[in-house]
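One structure coming up, written as C-alpha cells, with questions to follow.
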Amino acid sequence: MLKRVKLNMDLIEAMLYYWQATNDREKVSEKYLNDVADMAGLTLIYDEEFNEESVRKVLSAITNREPFSAANKKEGRFWNNNMWMMEDLGYTDLMVQPLKKLNIDTVLEKLQNTPLGEKYEELEVIISPMHLDEYKIVDNKLIINFFRVKPSDIDDNIFVDGKEIKEYIEEKLKELL
C-alpha cells in the first residue's frame, strides 16, 4: 500500500548555491561540482550522450567563465539552461519558492486507492535541472525537469507543460503502472 509520495529538492538546493555563487563571481570547487554530478536527480538521467563528465564540464566552464563547446545537443541545452538561470535569479526564485512550499499529500491521497497504490509503498518526485527531457521515470521515481517549471503570473502556482504542478505529478506518476 502506498504510504508516501516524497518530494526531493536536494539537487535544486545544491544548484541554487551554485547559481548564486557563480553569479556573484565566487569560485565553486571541482569537488562540489562532482558531488552535484553524483546526486540522484542527475545520475538517473545519464546515458551515453550525457553523463557525470558532461555535468562537471558544463558547470566548471560556467563557474570558471571559460568558453564551452558542447559535444552534443544535451550538453548544449544543459549549458544554456544553467546560463539562463543566472541571467535572472529573481525569476529563478519565482520558480523555486512555490516548489519549496509544495505539499503533495493530495497526490498521495488520490493515488492510494488505485492499482499504483497497491504496487508501491513509496514514490519519489525529484526536481532536477535536466537537459532536453521534460521528465523521466526510473523505477518508483519521477524526475521532473526544473527548467520546464513555469511560475504563474497571478499567484503562487507553478506549471509544467501547461498543467498545474500537482495535476502534472499525479498524471506522470500514473505512468508507473
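The values are calculated or read from the model by the stated rules, or taken from the named source; none is laboratory data. All values reported here derive from a predicted model rather than from experimental measurement. Positions of Cβ are backbone-derived with ideal geometry, glycine not excepted, and every protein chain shown enters the neighbour counts. Accessible surface areas use protein heavy atoms only, side chains included; no ligands, DNA or RNA. Shrake-Rupley method; radii C 1.70, N 1.55, O 1.52, S 1.80 Å.
Search the structure for amide H atoms under 5 Å from the amide H of ILE126, placed 1.01 Å from N in the peptide plane, and list their residues when 5 or more places away or on another chain.
Amide H neighbours of ILE126, under 5 Å, 5+ apart: ASN8, LEU142, ILE143, ILE144.
If you wrap a convex hull around the Cα atoms of the range 117-177, how much volume per residue is inside, in Å³? Please list the in-between numbers first.
Numbers: hull volume 5.3 nm³, N = 61.
Cα convex hull per residue, to the nearest whole number: 87 Å³.
Beyond 28 Å between alpha-carbons counts as too far, so tell me which of LYS6/LYS163; LYS74/LYS101; LYS31/LYS172 fall in that bin.
Numbers: LYS6/LYS163 20 Å; LYS74/LYS101 30 Å; LYS31/LYS172 34 Å.
The answer is LYS74/LYS101; LYS31/LYS172.
Accessible area of the range 25-177 with a 1.4 Å probe: how many percent of it is carbon plus sulfur?
46
In addition: What does the charge count near THR114 come to, summing +1 for each Lys or Arg and -1 for each Asp or Glu among other residues with Cβ under 11 Å from its Cβ? Intermediate results must be reported in sequence, preceding the final value.
Working: positive: LYS110, LYS119, LYS174; negative: GLU109, GLU118, GLU170.
So the surrounding residues net to 0.
Right, here's the next one. Considering Cα pairs under 8 angstrom that are at least six residues apart, work out the relative contact order of the chain and quote it in whole percent.
Working: 232 pairs, mean separation 51.1, N = 177.
This gives 29 percent for the chain.
Give a residue-ordered list of calculated ³J(HN,Hα) values for the range 146-152 (Karplus: 6.51 cos²θ - 1.76 cosθ + 1.60, θ = phi - 60°; whole Hz; x for Gly, Pro).
4, 5, 9, 6, 10, x, 6
Can you give me the three principal axis dimensions of the range 1-72 from its C-alpha atoms, in Å, biggest first?
Per principal axis, max minus min of the Cα coordinates gives 51, 30, 17 Å.
Among TYR17, LEU142, ASN103, flag the residue with its Cα farthest along the positive direction of the charge dipole of the range 1-150, charges on Cβ as +1 for Lys/Arg and -1 for Asp/Glu.
Towards the positive end, the residue furthest out is ASN103.
Something else about it: Please report, to one decimal in angstroms, the Kirkwood hydrodynamic radius of the chain built from all distinct Cα-Cα pairs.
Details: mean 1/r = 0.0592 Å⁻¹.
For the chain, inverting the mean 1/r across all distinct Cα pairs yields 16.9 Å.
A further question on this structure: DSSP beta bridges in the chain, what fraction antiparallel, as a percent rounded to 5?
Values: 9 of 19 bridges.
The antiparallel fraction comes to roughly 45 percent.
In addition: Placing unit charges on C-beta atoms (Lys and Arg positive, Asp and Glu negative, everything else neutral), compute the dipole magnitude of the chain about its Cα centre in debye, rounded to 20. Provide the component values of the computation, followed by the final result.
On the way: 24 positive and 35 negative charges, 14 e Å.
Using only the charged Cβ atoms, the result is roughly 60 debye.
For the chain, what does the accessible surface come to per residue with a 1.4 Å probe? Please give it in Å².
Working: 8790 Å² over 177 residues.
Roughly 50 Å² per residue, with all protein chains present.
Grab the DSSP H runs of the chain that are 4 residues or longer, score each as -39,500 (n - 2.57), total them, divide by all residues and round the 222 nm result to the nearest 500 deg cm²/dmol.
On the way: 9 runs with 88 residues, N = 177.
So the helix-based figure for the chain works out to -14500 deg cm²/dmol.
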